[in-house]
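The values are calculated or read from the model by the stated rules, or taken from the named source; none is laboratory data. Keep in mind that what you see is a predicted model, and the values were worked out from it rather than measured. Glycine gets a Cβ as well: all are built from the backbone with ideal geometry, and neighbour counts include every protein chain shown. Calculation scope for accessible area: heavy atoms of the full protein, side chains included, ligands and nucleic acids excluded. Shrake-Rupley method; radii C 1.70, N 1.55, O 1.52, S 1.80 Å.
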Amino acid sequence: MRRYLLLLITGLAAIAAQGQPTGSPAMEGISRTTLFGVGGASVMDTYLSPYAYTGPSLSVAMTTERPTHWGKGHLTTMARYAVRGAYSKSPVSGGHQWDGALTLAGGCHYNWHLIESRLRLAAGALVEFDGGGTYSTLGGNNPAQAHIGADIAASALAAYTFSVKGHPWQAGVQADVPLVGTQFAMQYGQSYYELFRHGHWDGNLRCTYPGNAPSLRLQATLAIPVRKSRLIVGYGGDVRQSSLNGIKRHAWYNQFLLGFSRKLSILK
């Protein structure tokens, strides 16, 4: 594992070191970040099993952030696309589960720049879509469970820039908390056959809020300059939980993050 991580770090550093092509136009402050995550996951879905399955997880996330002309330069927009997956094992049997999801999010932040612009504080809102599913090797007649939902999340971040041997390093943290949304949820004992074949819908679209779906996405990173790009290392935690229609579910992802960030330019 150490050997593979070393090769991955070396490869990402080489990609980041390529920087921007010479003679490119002035930068407009657009930042594009790609992060790869590896770590562990705990997944429980009582529609499939009463036990929490644990195992390794992987993820890929791409984030684009750019300033706007509104709000006197204090507003930035953000878009994020992320794919995550886990292969987990039952604690009491030989069963396994595959869990995966795709997340799309977009929104904006209002920014404050303090301490001679070294400290950036931001708060805003995101609209998120999360869709995926879980497959169990011990599922019997219902071996899989689909997860589809959308929500509005509060988002806050802090980033501090400091100097290391004359080079600007940056430490940052961001937290996103879903506040209200809607989610597809099966009833306990309900089958997908009766749902789609016979149209037996029974409150399968539910409103979500922190009382029945407490969730959190947390990311802490360190950006290290490499020529005109930055190498990113850090921690990513994604906690998705719900208790709907008599079914409890959680998907906890804890990962080490590694990637790179670039500033993009726009031709006017």
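Computed values, structure above
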| item | result |
| --- | --- |
| Set 49, 42: member being touching a Phe, Trp or Tyr at 6+ places or on another chain (Cβ under 8 Å) and under 20 Å from residue 239 (Cα atoms) | 42 |
| Any pair with Cβ under 6 angstrom, 6 or more apart, that starts in region 185-210 at a residue that is more than 17 Å from residue 148 (Cα to Cα) and ends at one that is open to solvent by 70 Å² or more (accessible area, probe 1.4 Å) | 194/200 |
| Number of the exception - residue 195 against (1) aliphatic (A, V, I, L, M); (2) over 30 Å from residue 245 (Cβ atoms); (3) open to solvent by less than 50 Å² (accessible area, probe 1.4 Å) | (2) |
| Residue list for region 63-98, filter: of a type in the set (D, E, K, R), within 17 Å of the chain's Cα centre (by Cα) and within 20 Å of residue 157 (Cβ to Cβ) | 65, 80 |
| Lone unmet requirement of (1) surrounded by fewer than 19 Cβ atoms within 10 Å (Cβ to Cβ); (2) closer than 20 Å to residue 65 by Cβ for residue 257 | (1) |
| Among (1) open to solvent by 40 Å² or more (accessible area, probe 1.4 Å); (2) modelled with pLDDT of 90 or more; (3) in contact with a Phe, Trp or Tyr (Cβ under 8 Å, 6 or more places away or on another chain), the one test that residue 188 misses | (2) |
